[in-house]
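The values are calculated or read from the model by the stated rules, or taken from the named source; none is laboratory data. The model shown is predicted, which means the values in this text are computed figures rather than measured ones. Cβ placement follows ideal geometry from the backbone for every residue including glycine, while neighbour counts extend to all protein chains displayed.
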Amino acid sequence: MTHVKIKNLKKSYNGFEVLKGLSLEIPSGSIVALLGPTGAGKTTLLKCIAGVEQPDEGEIYFDDINVTYLPPWSRDVALFFQSYALYPHMSVYDNITFTLKQRRFDVGEMDKIVKSITTKLKISHLLDRKDPSTLSGGEMQRVALARTLVRRPRLFLLDEPISNLDAKLREEARVEFKRLHREFKQTIIYATPDFVEAFAVAEKIAVINNGEIIQYDDPLTLMRRPHNKFVATLIGSPPINIIRGHLVQVGNTVVFKSSGLEIELPQEKKLEMVSGDIELAFRPQSVRINSYQLGNTLRGKVLAAEFMGHQTILTLLVGNFKLKAVVKGISRHAINEEVSFSIDPEGIILIDPKDGRVIQV
Amino acid sequence: MLRNTSKKKIVRKIRQIAIYVLVLAVTAYFIFPIFWLIATSFKTRAQAFSTPPLFVWEPTLRNYIDIFLKRQTEIEAITGRELELATGAETFFFNSFLVTSTSILVATLIGTLAAYSFSRYRPTGTNTLMFFILSTRMLPAIVVAIPIYFFYRYIGLYNTYIGLILLYVMFNLPFAVWMMKSFFDEIPKDIEQAAFVDGAKPFKVFYKIALPQVYLGLGATIGFLIINVWNEFLFALLLTERATRTVPVMIAGTRGEVGINWGLIAAIETLYILPALVLIFILQKYLLRGMTFGTVRGVRQ
């Protein structure tokens, strides 16, 4: 159990700023996901926390102890490398036990731990493999995972730990992380570009982009109240619908107008009038097909319907816009059929296109 | 259409044969001196000088016997100088072995450590330092020969093993550093970082994690250093006397005033290139790897 505090962390490589004064606090014993696209700075941040990269500025605290200048071997953290970083000249067994040997575990104890972890990850048959480069991508990832999970460090840092596993193993691994967390109450920082993974694993999610934390909230808040367009588009599947248009005041109500469609905004939003262009966004899940709401009924043509098992994703042509809508179960709408729909006012988000900031939610 | 493809086939075949002929010719060109050297070592003095050169003759082991067995009177009859050489051959071979192995060991050790720190810790001014190291190899050895000679005389390193070894270490360090650095640069940092996080300290990471990954490069570096040091002549000539003399100098000295016993020289040379040849043969995959490193990297995540 370790409380991690990161203060104003800066790191550049060859003049390129990867971390731009990043601050983040991770409560003791929690699972926090770092969610962001490739190149956002997730890996650099994890490496700085692990101590294998030295930040140019800023401090890192473990339980209020400044560890910024503590060497990695004294920090007692485990880091899963996105590149796996298996020792190419060691057998699978030696790869996994290297860290235990550094801590002078005795052989019997080591064997017991290795057996338990490799059985869980279904790699016990690979232990004698001499050359890890002959393993498949998924096997390498599991060996690297075993190497990370073999110890009980004060802090786990996982850099895209399950990206290369098949769906079933991925789910099992997620359950295993959660179980591990429940059982040992270790702090886990989990980096991933996949919001589904972040939502499934983490209690809190730090959205990171261009070396900065964009938003740090629990999954539900992130989904409902994104701070900006970046967060809104990063999260959700199918991706959020965004329409560009402008606002007009009609009597007491504010109406969003764009070519071919008009959407009345709910009064409780108490919108200040915004002149100029504006973007209206709503999630495909907020679309209600065949539902009539005063002033907000829209009509569109079904362009495509993808049945996903528990839901159907419809692509609708409304005016000049192609919008996505999610319908529970199987949709009975035929292609090219005209449908009426409305948008749940709760789900409407307005974005200032100039800076991507969410104006009012 | 059909004729066209068969014509193409013939052209391709001819081109292939032409390439093989060319390769064979080039190989023969490079191999011939070695062949002739070995052939001459089995010839008598008269056979060695015969015109046209002999390609078929009755081989003799006489030259090889002459190198090591102290057949003083017989050789003395030919020329006084050869007596001295023939009796001291084992000393010179020993000197060559000692100087080569020690200097390569030291140069590789220091070079590898330096290369690793340049590659991984990048001390301030790494590029300048690396260039500085390289610059010591930019001027021809002969330019510094005289100053070094006087310098060695002055500080008492002249005609000592340690003097020659130190000189060879100094001359080969730049090569070892540059070569090993390029190998260390090639291995992904993540692997060493993983070892740090796993609890290993820097020196352990160096010899347990980094070094085993560049063993091919290490082999290549040692191979090239052997070639450099084993064949060095200029400084060995300048800085040694009889006690510390190496084989290349001895061979040069074998040329007497009266006549040159080419058969004997060829035999010494054959013996001398033999260990180098065997070693290079053993190290050949490393050497090849050393020259093509970065282009044929193993599959690794």
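Taking every residue in region A:184-204 that is acidic (D, E) and pairing it with any residue that is at pLDDT 90 or above and surrounded by 20 or more Cβ atoms within 10 Å (Cβ to Cβ), at least 6 positions away or on another chain, the pairs with Cβ-Cβ distances below 6 Å are A:E203/A:I31. Using the structure shown, decide if A:K101 is closer than 22 Å to B:A200 by Cα, at pLDDT 90 or above and in the same structural domain as A:Y61 (by TED's automatic domain parsing). Against the criterion (closer than 22 Å to B:A200 by Cα, at pLDDT 90 or above and in the same structural domain as A:Y61 (by TED's automatic domain parsing)), A:K101 qualifies.
Any residue at all in region A:235-256 that is surrounded by fewer than 18 Cβ atoms within 10 Å (Cβ to Cβ), among the charged types (D, E, K, R) and assigned to a strand (DSSP E or B)? Yes - at least one qualifying residue is present in region A:235-256.
The residue that is farthest from the other protein chains (Cβ to nearest Cβ), among those in region B:164-222 that are of a type in the set (S, T, Y) and under 30 Å from A:D159 (Cβ atoms), is B:S182. Checking each residue in region A:96-137 for being part of a loop (DSSP other than H, G, I, E, B), more than 10 Å from chain B (Cβ to nearest Cβ), among the charged types (D, E, K, R) and in contact (Cβ under 8 Å) with a residue 12 or more places away in the chain picks out A:K122, A:D128, A:R129, A:K130.
When the residues of region A:82-95 are filtered to those that are touching an Asp or Glu at 6+ places or on another chain (Cβ under 8 Å) and more than 7 Å from chain B (Cβ to nearest Cβ), the one that is nearest to A:T44 (Cα to Cα) is A:Q82. Of all residues in region B:167-187, those that are at pLDDT below 95 have Cβ atoms under 8 Å from Cβ atoms of residues that are of a type in the set (K, R), 6 or more apart or on another chain, in B:F171/B:R137; B:P174/B:R137; B:F175/B:R137; B:F184/B:R120; B:E186/B:R297. When A:I205 is tested against (1) surrounded by 23 or more Cβ atoms within 10 Å (Cβ to Cβ); (2) closer than 23 Å to A:T97 by Cα, only condition (2) is not met. A:L79 falls short on exactly one of the conditions (1) touching a helix residue (DSSP H, G or I) at 6+ places or on another chain (Cβ under 8 Å); (2) surrounded by fewer than 23 Cβ atoms within 10 Å (Cβ to Cβ); (3) within 14 Å of chain B (Cβ to nearest Cβ), and that condition is (2). State yes or no: is B:N172 of a type in the set (S, T, N, Q) and within 25 Å of B:L287 (Cβ to Cβ)? The answer is yes for B:N172. Scanning region B:130-151 for residues that are hydroxyl-bearing (S, T, Y) and either outside any loop (DSSP other than H, G, I, E, B) or loosely packed, with under 10 Cβ neighbours inside 10 Å (or both) yields a count of 2. The residues of region A:25-76 that are within 12 Å of chain B (Cβ to nearest Cβ), assigned to a helix (DSSP H, G or I) and among the aliphatic types (A, V, I, L, M), listed by number, are A:L46, A:I49, A:A50.
Given the criteria modelled with pLDDT under 95, in a helix (DSSP H, G or I), surrounded by fewer than 22 Cβ atoms within 10 Å (Cβ to Cβ) and small (G, A, S), does B:A86 qualify? Criteria not met by B:A86. Considering only residues of region B:262-301 that are modelled with pLDDT under 80 and touching an Asp or Glu at 6+ places or on another chain (Cβ under 8 Å), which is nearest to the other protein chains (Cβ to nearest Cβ)? The selected residue is B:R297.
Restricting B:L211, B:L234, B:L218 to those that are farther than 30 Å from A:S83 by Cα and at pLDDT 90 or above reduces the list to B:L234. Within the set A:A232, A:A173, A:A200, the sole residue that is farther than 25 Å from A:M1 by Cα and not in a strand (DSSP E or B) turns out to be A:A232. Name the residues in region B:43-59 that are part of a loop (DSSP other than H, G, I, E, B) and touching a residue at least 40 places away in the same chain (Cβ under 8 Å), would you? Passing the criteria: B:K43, B:T44.
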